[in-house]
1. Just the residues that are of a type outside the set (Asp, Glu) and not in a helix (DSSP H, G or I), please, taken from the range 185-215.
2. Determine whether Phe218 is surrounded by fewer than 23 Cβ atoms within 10 Å (Cβ to Cβ), in contact with a helix residue (DSSP H, G or I) (Cβ under 7 Å, 6 or more places away or on another chain) and part of a helix (DSSP H, G or I).
3. When only residues in the range 194-213 that are small (Gly, Ala, Ser) and surrounded by 17 or more Cβ atoms within 10 Å (Cβ to Cβ) count, which is farthest from Trp125 (Cα to Cα)?
4. Of all residues in the range 41-90, count the ones that are of a type outside the set (Asp, Glu) and outside any loop (DSSP other than H, G, I, E, B).
5. For the range 162-214, give me each residue that is among the aromatic types (Phe, Trp, Tyr) and under 17 Å from Ser131 (Cβ atoms).
6. What helices (runs of 4 or more DSSP H) completely inside the range 129-184 contain at least 3 residues that are crowded, with 19+ Cβ neighbours inside 10 Å?
7. Could you say which residue among Arg55, Arg11 is touching a helix residue (DSSP H, G or I) at 6+ places or on another chain (Cβ under 6 Å), surrounded by 14 or more Cβ atoms within 10 Å (Cβ to Cβ), basic (Lys, Arg) and on the phi < 0 side of the Ramachandran plot?
8. I'd like the full set of residues that are part of a loop (DSSP other than H, G, I, E, B) and farther than 17 Å from Gln193 by Cα, limited to the range 221-251.
Amino acid sequence: MIAENVQKELRAHASAERKKAVEWYFKTGKGQYGEGDIFIGVSTPDARRISLKYRSLPFEELQKLIASPVHEERSCALTILVYQYEKGGERQASYATAAGNGPAGGERQAVLDFYLRNRQYVNNWDLVDCSASKILGRAIHDGLQDAAILDRLVVSDILWERRIAIISTLYFIQKGQLEHTFRLSERLLGDDQDLMHKAVGWMLREAWKKDATATEAFLIRHYPQVPRMALRYAIERMEEGKRKQFLKGVF
């Protein structure tokens, strides 16, 4: 299996009409967050099907995809990495001794290391959102990575690294562990990027589903600092009357 096969199949499913639509959706214009990103117009279902077909692609071939200027190629690489982390141990035994307990641990450590080494290519919100919690978040939970990396990423000058940090906490939220989410959210309340306000709000909304009392206490405690967009996202699932009261700052 080689990267060129993935590239050929992606181009066979590309659409000029879809390319135009996604370039607008992902804000690729001058001065926008996605400036310079190149799309060829492949649908998400097609890209995912192609990714799963090539899910055993080795790292040297994945490197060609994840470093590509073409968004869909990077997306495929990340989908494959997520699969390989989840199915740890399926790669050749040469990676099995990297770290961890047995083949699965070594496999997952190798995937994590590859992901972190190439995180500069995880540079749009969908690329972060499809991979951060499933690789980095899970790796921290699995004990393959110290959680301190989240505290380093959350203060990065790079928008996408900050997003990787907060979205990684989704894995912990799903396990009912909200401490990382609250800690990182507090540090991001002053972020000047709308994409980060949305990410914080989304994670707080997911936290609210697990523990409404703790999440509401966090929102009340930090209410003056919570960006309006983050607040709207966070309280979206509240009962309508209570949601309106929260928007007014009445608790």
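1. The answer is Leu189, Gly190, Gln193.
2. Spelling it out, Phe218 is indeed surrounded by fewer than 23 Cβ atoms within 10 Å (Cβ to Cβ), in contact with a helix residue (DSSP H, G or I) (Cβ under 7 Å, 6 or more places away or on another chain) and part of a helix (DSSP H, G or I).
3. Checked the range 194-213; the qualifying residue farthest from Trp125 (Cα to Cα) is Ala207.
4. The number of residues fulfilling the criteria is 29.
5. At the first step, the residues of the range 162-214 found to be among the aromatic types (Phe, Trp, Tyr) are 171-172, 182, 202, 208.
The answer is Tyr171, Phe172, Trp202.
6. Filter on the range 129-184 gives 138-142, 159-168, 170-174.
7. On the way: Arg11 fails: touching a helix residue (DSSP H, G or I) at 6+ places or on another chain (Cβ under 6 Å).
Only one candidate passes the filter, namely Arg55.
8. So the first thing to find is which residues in the range 221-251 are part of a loop (DSSP other than H, G, I, E, B), and the list is 222, 226-227, 235-239, 249-251.
If the condition is that a residue be part of a loop (DSSP other than H, G, I, E, B) and farther than 17 Å from Gln193 by Cα, then His222, Ile235, Glu236, Arg237, Met238, Glu239, Gly249, Val250, Phe251 are the ones that fit.
The values are calculated or read from the model by the stated rules, or taken from the named source; none is laboratory data. Just so we're clear, the structure is a prediction, and the values are computed from it rather than from any experiment. For neighbour counting, all protein chains shown are included, and Cβ atoms are generated from backbone atoms with ideal geometry for every residue, glycine included.
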